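A.B. asks: Sharing a structure here in structure tokens format.
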Amino acid sequence: MKDFLATFKHDTWVMPYLRKYKKLLALTLFLGLMTFFCGSALMFNSGYLISKAARHPYNILMIYVPVVLTRAFGIGRPAFRYAERITSHNWVLRIVSDFRKKLYQAVSKHAVAIRQNFQTGDVLSLLADDIDHIENLYLRTVFPTVIAWTMYVLIVLALGYFTWWFGLLMLLLLGLVVIVMPLWSVLINGARESRGRQIQQGFYTQLTDAVMGLGDWLISGRQQDFYDRQTKPISEIAALRRQDHRFQWWRDFTIQLIFGVICLALLVWSSFYWTTNQASANWIAAFVLSVFPLVDAMQSVSQGVSEWPSYQRSIKRVNALDTAPIDDHDQTKLTEPFALLRVADLNYAYPQTQRPIFHGLNLTLTAGEKLALLGPSGTGKSTLLRLILGDLTPDAGAVQLNDVPIARLQNERAQLFGVLDQQPYLFNTTIMNNVRMGNEDASDAEVRAALKAVALEPLIQSLPDGYETVVEEGGSRFSGGERQRLALARILLQDAPIIILDEPTVSLDPITESKLLDTVFEVLQDKTILWVTHHLAGIDHVDQVRFLEDGQFDMAGTPEELYRREARFRRLYELDRGQEGV
Amino acid sequence: MFDPALFKLPGMRRLTVILSLLAVIEGLCIIGQATALSVAIVGLWHLHGLATIVQPMLWFALAWSARQLLVVGKNHLMYPFVERTTGDLRRRVMQKLYQLGPSYVAKTGTGNVVTTALEGIDKVQTYLMLVVIKVIDMLVIPWVILIFIAIIRWREALFLLAIFPLIIIFMIILGYAAQAKADRQYVGYQRMSNHFVDTLRGLPTLKQLGLSRQYANNVYQVSEGYRKQTLAVIKIAMLSTFALDFFTTLSIAVVAVFLGFGLIDGTISLLPALIILVLAPDYFLPLRQFASDYHATLNGKNAFAAVQKMLALPVATERQQLGTQPLNWTANSSLSLQAVDFSYDGAQPALKKINLTATGFQRIGIIGASGSGKSTLINLLGGFLTPMPGHGTISVNGQPVTHLSQQAWQQSFFYIPQHPYLFHATLAENIAFYQPAAGISAIGRAADKAGLTAWIKTLPAGLETKIGEGARGVSGGQAQRIALARAFLDDRRKILLFDEPTAHLDIETEAALKQTILPVLDQHLVFFATHRLHWINQMDYVLVLDHGQIVEQGTPAELAQHNGAYVRLRQEMGGAI
């Protein structure tokens, strides 16, 4: 229970929305209630109708009202149910729209911390799934429970009106069904849930491992090991499911037995209360028969509530997101055109580690200069870029544009920096829309001109839908080199003075790479360029080369200088050209 | 409703018979429970005392409990069968996967394969558990109840009989209408539901472009559009549930009114009328229960079909043409391919007329522009792909084979791709993957030869450190070194297949790694596909591929003399600098 309350203590995702569309919510609950009311009322009324009719009333008009009511309830139940389904979905989907916007805003604050690799992609899908999950929390748990509880209160009050002790008895018996059993379910399930997830997760990891390493399994010839490895998780999963099923069967059985007892109790109560005269005895069948339609509504509460632990996880996860608004009161603008990028005495260590990445690093880049940055992976090339962009804050030292600290230019970023990274993201829309994202005000002619500059015109014109071709998910319609060119066109429209190239050619073959680099440096010739690269192909395009090693630049100079002066550079250069004999 | 493949499952027929019998008994319990309850109510209606209805109340309690016990009993009976079947399916899927090999995974996608084996079979389990019992109930219980009602009074029975097919017809018609509407909207629908994830994944790019703030409203608008479209579909889709609800509740109302008039006319007395009224909802119950799980069963049915389809895929046979033991590859051994074709789709050849002969410990470089078929050729040589039957011949040491997916051949080579897969296990287990029995000192020596020692010293648990899970924490260069350590550990495998091992590495890492790779190439037959030209200097034979064909082959020196494809390719690639 404490755990339950703790989930909602700082909740900004579930409770506020229950208040937001109040009227629609009330309507949904009302319709749900009416559905079950009509179901019970139909049987109640029918029971009364035939009991009354069996007394052979001298006039058919005596049973006219129950006849009409029977039909009304018969039609009312499906109609209310249909309306309830529509309104509840409408309500939930409205909430989802709000959720999505909110999730988007929360995630976008940390947008750059999200590198576009598949792991973070998974995290994002997970968050998107969480939202769908909360959607189910309402549809499968909250609504049915609230409706069942309302029914519960109404029934107890109504029966208590006739006989107080019978009302109390029903309070107890139905309370077993709608309160005790659900609580029991959630307790049992909560304990099992975490273990179940563990097993499931274990099996998932195991399977992915097996599938991705299938080539190695095959050539290792360890066929039997491969089969044996799956046996344990398969039987663990089976055991887990078995327990789940058994619990559900016996729980439902118990609930049904309670309803059997309720029927018998009604009969006993009727024998005392309704057998005073013939007219009142007509109500006995009505009361007893109206129990059966309730079974459905009340039984489903246990299952719905037992799913709570999985919803709880989703709620905790989205609540952990930082939804506070961004503080930008000290943001400013660059008044002069960009002239100088300066990194001075920069110190930086990753949080939670002692190992410094940079110690007293200095770098100056004047407008129009082009610099290549090399170094083995793990030396902090990407970290340096993130410091320069202002996504990370230096421990000491400064990163400045024209003497303004980069931290104060964050709102201006898109006007100052254009970024082309390893996998620029293409959205699942047309080529025109994707490129126009660089500058929303660009005319069609300007977009086409940019595409022409990056040498994509012939390709696009050969496509059946031309410029309106949809790039498909992740740009999968196009090859790696073509995707980079599309992103380059976007950057051309963006027209920022500084361009960051973050290993844009790492996954390309040498021919595509060299052609792309030619285009990049040709169209960006008047820009300031900071280029992180993994090898020396195209190095002649730049004015300056820096090798980053152990937080310092250990080789620096123009490519020609380095080639003359540094044997190591020369060797790497020859290797890259394929000249090295070793 | 019932997939015919279900009946082919072992034990299914026997189970069907038993479950049907239990359903009949359940039907009888329902009748007993309704009758006992009605007798008790009528007793009270006649103003008799509580003592007179004790007996029917007991009978009711008995029948009610028996009925609920039967429900549990049927599940208990069904479950071992379901468990056995799904466990069996999982095992068969894994075995099939092993036979189909990595080319199947590449084609289908890792995610899809895992989903089929995990969630797919979970769905099959739900499907089996739900569908069998519910369908049998639906086919048996209503008839039992109907016959009983007919014995009491044929008119109501006739009405109930007539309404049953009507409901089903309406549900089917409305179901189709909803499907048609959903299909028409599907494309837009799908795009909108994917839009959100698409936007989230593209967030870094949006931020770079300065669009991330204004896009929040776009997300909301698209989601609202999605809501409206979804509601439009739901309105129709829910109609079939509405029809079911409408006809069943209205039927009960109609029966009640019929009975009321019958009672006034005196053609029926209260007891039988009440029994019929109590039974009417139970008559429809199995149908409603089946319909409420219809979607779950539909998913399960599709998953079941997908699994069956995978299990029916053809696999390479004749995998033991070279025996089952690893080959003893020596300086005199030879591999020859003559006019071999390969195609991914059975129509368009991806490799054409491949002729090559490799003998002893040759080092063969494979070069070509991207898309020329280098990786395809390596995969063919590794037996991960099988050539088009009847196109050309392959022989190993003079022994003709239909493909290279030979157990003996595959146990004789190492395959080192661009991204070697690292298992979610300790570093030692990863290195010893091909030699699980190897001792820790041998593993340490192999790691040392592969240049891993310095790195291992920085790891918290040294060789016992857990790595893997998408190779997290292991750089590209280190992953290559781990793959090389596997080769150092097992020196009986004399054939090496490299597929672009250094393409993605930075130049310094590549230079250092090359020093480690070079000694491995000695005394091995090497196939080395690459576009990093410096490797060619270490090869003694080169195949130049273009559009799936070997356009030139010879020693590097020979090829350099010709002004052919080799020279042109070198120029084009070297032009990058």
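The values are calculated or read from the model by the stated rules, or taken from the named source; none is laboratory data. Note that the structure is predicted; figures quoted are calculated from it, not measured. Cβ sites come from the backbone with ideal geometry, for glycine too, and all protein chains shown count toward neighbours. Just so you know, the surface numbers come from the protein's heavy atoms only, side chains and all, with ligands and any DNA or RNA stripped out. Shrake-Rupley method; radii C 1.70, N 1.55, O 1.52, S 1.80 Å.
A.B. asks: Based on the alpha-carbon gyration tensor of the stretch A:347-402 and its eigenvalue square roots a ≥ b ≥ c, which shape applies: rounded if a/c is under 1.5, prolate if not and a/b is larger than b/c, or oblate? Numbers along the way, then the final one.
C.D. replies: Working: a/c = 2.15, a/b = 1.42, b/c = 1.52.
Oblate shape, in that a/c is at least 1.5 and b/c is the bigger or equal ratio.
A.B. asks: Assuming R0 = 45 Å, what is the FRET efficiency of A:LYS452 and B:VAL551, from their Cβ-Cβ distance, to the nearest 0.05?
C.D. replies: Details: r = 34 Å, r/R0 = 0.75.
My answer for the efficiency is 0.85.
A.B. asks: Quote the accessible area belonging to B:GLU429 in square angstrom, nearest 10, computed with a 1.4 Å probe and with ligands, DNA and RNA left uncounted.
C.D. replies: Accessible area, nearest 10 Å²: 100 Å².
A.B. asks: Calculate, in whole percent, how much of the Cα-Cα pair population of the stretch A:2-319 lies beyond 30 Å. Mind dumping the intermediate values first?
C.D. replies: Details: 26262 of 50403 pairs.
Considering the stretch A:2-319, 52 percent of its Cα-Cα pairs are separated by more than 30 Å.
A.B. asks: Compare B:PHE261, B:PHE527 by solvent-accessible area with a 1.4 Å probe and give them largest first, with all protein chains kept in place.
C.D. replies: Numbers: B:PHE261 75, B:PHE527 0 Å².
So the residues, ranked largest to smallest area, are B:PHE261, B:PHE527.
A.B. asks: Could I ask something else about it? Which of A:TYR21, A:THR429, A:HIS10 sits closest to the plus end of the dipole of chain A, meaning its Cα is farthest towards the positive end, when Lys and Arg get +1 and Asp and Glu get -1 on the C-beta?
C.D. replies: Farthest towards the positive end: A:TYR21.
A.B. asks: Give me the inter-chain shielding for A:259-267: mean count of other chain Cβ atoms within 10 Å, whole number please.
C.D. replies: Details: counts 2, 9, 2, 0, 7, 7, 0, 1, 11.
Across A:259-267, the average partner-chain Cβ count within 10 Å equals 4.
A.B. asks: May I ask you to give the percent of accessible area on the stretch B:4-311 that is carbon plus sulfur, with a probe radius of 1.4 Å?
C.D. replies: Details: 8450 of 12930 Å².
For the stretch B:4-311, the apolar C and S fraction of the accessible surface comes to 65 percent.
A.B. asks: Here is a follow-up. I'd like the mean, over residues of A:533-546, of how many other protein chain beta carbons sit within 10 Å of each residue's own Cβ.
C.D. replies: Details: counts 2, 9, 12, 4, 6, 2, 3, 1, 0, 0, 0, 0, 0, 0.
Mean inter-chain Cβ contacts per residue within 10 Å come to 3.
A.B. asks: How do A:THR163, A:THR254 rank by accessible surface area computed with a 1.4 Å probe, from largest to smallest?
C.D. replies: Details: A:THR163 20, A:THR254 55 Å².
Descending accessible area places them as A:THR254, A:THR163.
A.B. asks: So what is the relative contact order for the stretch B:4-311, in percent, with contacts set as C-alpha pairs under 8 Å and at least six apart? Please report the intermediate quantities before stating the final value.
C.D. replies: Details: 237 pairs, mean separation 91.0, N = 308.
The normalised contact order for the stretch B:4-311 reaches 30 percent.
A.B. asks: Next question. Can you compute the charge dipole magnitude of the stretch B:188-273 about its Cα centre, using +1 on each Lys and Arg Cβ and -1 on each Asp and Glu Cβ, nothing else charged? Give it in debye, rounded to the nearest 20.
C.D. replies: Working: 7 positive and 4 negative charges, 152 e Å.
That gives the stretch B:188-273 a dipole magnitude of about 720 debye.
A.B. asks: Over the protein assembly as shown, what is the percentage of antiparallel beta bridges among all DSSP beta bridges, to the nearest 5? Walk me through the numbers before you get to the answer.
C.D. replies: Details: 42 of 77 bridges.
The antiparallel proportion sits near 55 percent.
A.B. asks: Next up: With both partners inside chain A, how many of the DSSP beta bridges are antiparallel, as a percent to the nearest 5? Please report the intermediate quantities before stating the final value.
C.D. replies: On the way: 21 of 38 bridges.
That works out to approximately 55 percent antiparallel.
A.B. asks: I've got another one for you. Using a 7 Å offset from the Cα along the Cα-to-Cβ direction at both A:LEU61 and A:THR364, what is the distance between the two label points in nm, to one decimal?
C.D. replies: 10.9
A.B. asks: Can you grab the distance from the C-alpha centre of the stretch A:265-341 to the C-alpha centre of the stretch A:505-530, Å, no decimals?
C.D. replies: After rounding, the separation between the Cα centres reads 57 Å.
A.B. asks: Roughly to the nearest percent, how much of the accessible area of the stretch A:340-577 is carbon and sulfur, given a 1.4 Å probe?
C.D. replies: On the way: 4280 of 9500 Å².
Result for the stretch A:340-577: 45 percent of the exposed heavy-atom area is carbon or sulfur.
A.B. asks: Just report the Cα centroid separation between the stretch A:547-564 and the stretch B:379-435, whole Å.
C.D. replies: 43
A.B. asks: Tell me the per residue accessible area of the protein assembly as shown using a 1.4 Å probe; a whole number in Å² is fine.
C.D. replies: On the way: 48880 Å² over 1159 residues.
Per-residue accessible area for the protein assembly as shown comes out at 42 Å².
A.B. asks: If you don't mind, there's one more thing I want to ask. Determine the calculated [θ] at 222 nm for chain A from helices alone, applying -39500 (n - 2.57) to every DSSP H run no shorter than 4 residues and normalising by the residue count; nearest 500 deg cm²/dmol. Numbers along the way, then the final one.
C.D. replies: Values: 22 runs with 354 residues, N = 582.
After summing the helix terms and dividing by residue count, I get -20000 deg cm²/dmol.
A.B. asks: Something else: Determine one quarter of the surface area of the Cα convex hull of chain B, which equals its mean projected area, and express it in nm² to one decimal.
C.D. replies: So the mean shadow area of the Cα hull is 39.4 nm².
A.B. asks: Under the definition of partner shielding as Cβ atoms of other protein chains within 10 Å of a residue Cβ, what is the mean value for peptide B:42-54? Please report the intermediate quantities before stating the final value.
C.D. replies: Details: counts 5, 4, 10, 12, 3, 8, 3, 3, 6, 1, 1, 4, 2.
What the average comes to for B:42-54 is 5.
A.B. asks: Give me the percent relative contact order of chain A, please, defined on Cα pairs under 8 angstrom at least 6 residues apart.
C.D. replies: Working: 715 pairs, mean separation 82.7, N = 582.
The normalised contact order for chain A reaches 14 percent.
A.B. asks: Now for a different question. Non-local amide H neighbours of B:TYR541 (under 5 Å, H modeled in plane, Pro and chain starts lacking H): which ones?
C.D. replies: For B:TYR541, the qualifying residues are B:ARG363, B:GLY365.
A.B. asks: Determine the principal axes of the Cα atoms in the stretch A:340-577, then give the extent along each, sorted from largest to smallest and rounded to whole angstroms.
C.D. replies: 54, 43, 33
A.B. asks: To the nearest 0.05, what FRET efficiency results for A:ARG19 and B:ASP448 with a Förster distance of 56 Å applied to their C-beta separation? It would help to have the intermediate numbers written out before the result.
C.D. replies: Details: r = 66 Å, r/R0 = 1.18.
That pair, A:ARG19 with B:ASP448, gives E of 0.30.
A.B. asks: Which value, in nm² and rounded to one decimal, describes the direction-averaged projected area of the C-alpha convex hull of the protein assembly as shown? Let's see the in-between values first.
C.D. replies: Numbers: hull surface 205.9 nm².
Dividing the Cα hull surface by four gives the mean projection, 51.5 nm².
A.B. asks: In addition: Can you list the equivalent-ellipsoid semi-axes of the stretch A:1-47, largest first and in whole Å, using the square root of 5 times each Cα gyration tensor eigenvalue?
C.D. replies: On the way: eigenvalues 237, 49, 4 Å².
Each semi-axis is the square root of five times an eigenvalue, giving 34, 16, 4 Å.
A.B. asks: Then there's this: Students often get this wrong, so check it: of A:LYS52/B:LYS74; B:LYS74/B:LYS96; B:LYS352/B:LYS514; A:LYS101/B:LYS301; B:LYS374/B:LYS514; A:LYS102/A:LYS381, which have C-alpha atoms separated by over 30 Å?
C.D. replies: On the way: A:LYS52/B:LYS74 40 Å; B:LYS74/B:LYS96 33 Å; B:LYS352/B:LYS514 32 Å; A:LYS101/B:LYS301 36 Å; B:LYS374/B:LYS514 20 Å; A:LYS102/A:LYS381 33 Å.
Cα-Cα > 30 Å for A:LYS52/B:LYS74; B:LYS74/B:LYS96; B:LYS352/B:LYS514; A:LYS101/B:LYS301; A:LYS102/A:LYS381; rest within.
A.B. asks: Roughly how many nanometres apart are two label points built 7 Å out from the Cα toward the Cβ at B:ALA512 and B:GLN561?
C.D. replies: Once both label points are built, they end up 4.1 nm from each other.
A.B. asks: When the Cα centres of the stretch B:11-38 and the stretch B:85-158 are compared, how far apart do they sit, in Å?
C.D. replies: Each part reduced to its Cα centre gives a spacing of 22 Å.
A.B. asks: Beyond 34 Å, how much of the Cα-Cα pair distribution for chain A remains, as a whole percent?
C.D. replies: Working: 104686 of 169071 pairs.
Here the tail beyond 34 Å accounts for 62 percent of pairs.
A.B. asks: If you place +1 on the Cβ of every Lys and Arg, -1 on the Cβ of every Asp and Glu, and leave all else neutral, what size is the dipole of the protein assembly as shown about its Cα centre, to the nearest 20 Debye? Can you show the working numbers first?
C.D. replies: Details: 102 positive and 95 negative charges, 808 e Å.
The calculation lands at about 3880 debye.
A.B. asks: Same structure again: If the chain between A:ASP550 and A:PHE272 were fully stretched, how many nm would it gain, using 0.36 nm times the residue separation less the Cα-Cα distance? Could you put the intermediate results ahead of the total?
C.D. replies: Numbers: separation 278, 0.36 × 278 = 100.08 nm, distance 9.20 nm.
Between A:ASP550 and A:PHE272, full extension yields an extra 90.9 nm.
A.B. asks: In nanometres, what is the gap between the two model label sites at B:GLN321 and A:GLN201, each 7 Å from Cα along Cα-to-Cβ?
C.D. replies: Using points 7 Å along Cα→Cβ, the separation is 4.8 nm.
A.B. asks: Find the all-direction average of the projected area of the Cα convex hull for the stretch A:455-582, expressing the result in square nanometres with one decimal place. Don't skip to the answer; put the middle values down first.
C.D. replies: On the way: hull surface 40.2 nm².
Averaged projected hull area, Cα only: 10.1 nm².
A.B. asks: What do you reckon, how do B:HIS195, B:HIS46, A:HIS535 stack up by accessible area (1.4 Å probe), largest on top?
C.D. replies: On the way: B:HIS195 45, B:HIS46 100, A:HIS535 10 Å².
My answer, sorted largest first, is B:HIS46, B:HIS195, A:HIS535.
A.B. asks: Still on this model: For chain B, find the longest principal axis of its Cα atoms and tell me its angle to the long axis of helix B:507-521, 0 to 90°, nearest 10.
C.D. replies: Once rounded, the angle reads 80 degrees.
A.B. asks: With every protein chain in place, what's the accessible area of A:TYR227 (1.4 Å probe, Å², nearest 10)?
C.D. replies: Rounded to the nearest 10, the figure is 40 Å².
A.B. asks: Using DSSP, restrict attention to beta bridges with both residues in the stretch A:340-577 and report what percent are antiparallel, rounded to the nearest 5. Can you show the working numbers first?
C.D. replies: Details: 21 of 38 bridges.
Percentage antiparallel, nearest 5: 55.
A.B. asks: Separate question: Taking 8 Å as the Cα distance limit and 6 or more residues as the minimum spacing, I'd like the relative contact order of chain B as a percentage.
C.D. replies: Worked out over chain B, it gives 14 percent.
A.B. asks: Positive end of the dipole of chain B, charges at C-beta (+1 Lys, Arg; -1 Asp, Glu), about the Cα centre: which of B:THR199, B:HIS46, B:LEU28 has its Cα farthest in that direction?
C.D. replies: Farthest towards the positive end: B:HIS46.
A.B. asks: Then there's this: Along the charge dipole of chain A, which of A:PHE143, A:VAL68, A:ALA281 sits closest to the positive end, that is, farthest toward it, with unit charges on the beta carbon of Lys, Arg, Asp and Glu (+1, +1, -1, -1)?
C.D. replies: A:ALA281
A.B. asks: Now a separate question. Once the Cα atoms of helix A:567-577 and of chain A are each reduced to a long axis, what angle between those two axes, in degrees from 0 to 90 to the nearest 10, is obtained?
C.D. replies: Its long axis makes an angle of about 70 degrees.
A.B. asks: Then there's this: Assuming R0 = 60 Å, what is the FRET efficiency of B:LEU459 and A:LEU168, from their Cβ-Cβ distance, to the nearest 0.05? Don't skip to the end; give the middle numbers.
C.D. replies: Values: r = 68 Å, r/R0 = 1.13.
Using R0 = 60 Å, I get an efficiency of 0.35.
A.B. asks: Follow-up question, since we're still on this one. What's the angle, to the nearest 10 degrees (0 to 90), between helix A:308-319's Cα axis and the longest principal axis of chain A?
C.D. replies: Between the helix axis and the principal axis of chain A, the angle is about 40 degrees.
A.B. asks: While we're on this one: Could you report the buried accessible area between B and A, both sides summed, computed with a 1.4 Å probe and given in Å² to the nearest 100? Intermediate values should be presented prior to the final figure.
C.D. replies: Working: alone 30670 and 32050 Å², together 48880 Å².
Looking at B and A, the buried total is near 13800 Å².
A.B. asks: How large is the charge dipole for the stretch B:448-575, taken about the Cα centre, if only the Cβ atoms of Lys, Arg (+1) and Asp, Glu (-1) carry charge, to the nearest 20 debye?
C.D. replies: Numbers: 13 positive and 16 negative charges, 75 e Å.
That gives a dipole near 360 debye.
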